[in-house]
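Readers should treat all values here as calculations from the given coordinates under stated rules, not as data from a laboratory. Worth saying up front: this structure is predicted, and the values here are computed from it rather than measured. Every residue, glycine as well, gets a Cβ built from its backbone with ideal geometry; the counts of neighbours run over all protein chains shown.
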């Protein structure tokens, strides 16, 4: 079921997800990323399996209390699996892509 949902998410990506993907795909940052990648019981927007990074691009509903709690639990689970989670809003990706890419680059160069 997750596999079908991940495939559907790839087909119906948000504008922000598509925009970030254009900057991450084909090792553009020197790192291989997968999009809508299944990790455990979750689907990560973007993941670098070998480097342990998950990138989530959040729409406005992530500001809702219940969604924040769900996101925090998800992050804890992913961290227990050995991943670091970075979150960016749609607005950050669409209107400040240089900041987003710098934050991602900083992760790999720390």
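Numbers below:
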item: Relative contact order of the stretch 2-100, defined on C-alpha pairs under 8 angstrom at six or more residues apart (%); result: 24
item: Extension reserve of the residue 98-residue 3 stretch, reckoned as 0.36 nm per residue once the Cα distance is removed; result: 31.1 nm
item: The stretch 2-100 - convex hull of the alpha-carbon atoms, volume per residue in Å³; result: 100
item: Separation between Cα centres of the stretch 61-110 and the stretch 30-50, rounded to whole Å; result: 13
item: Structure-based [θ]222 nm, the chain - -39500 (n - 2.57) summed over DSSP H runs of at least 4, per residue, nearest 500; result: -15000 deg cm²/dmol
item: Residues in the stretch 73-91 reached by a label modelled at residue 18 [backbone nitrogen below 19 Å; 7 Å Cα→Cβ]; result: 89-91
item: Burial ranking of peptide ranges 7-13, 96-102 (average Cβ count within 10 Å, highest at the top); result: 96-102, 7-13
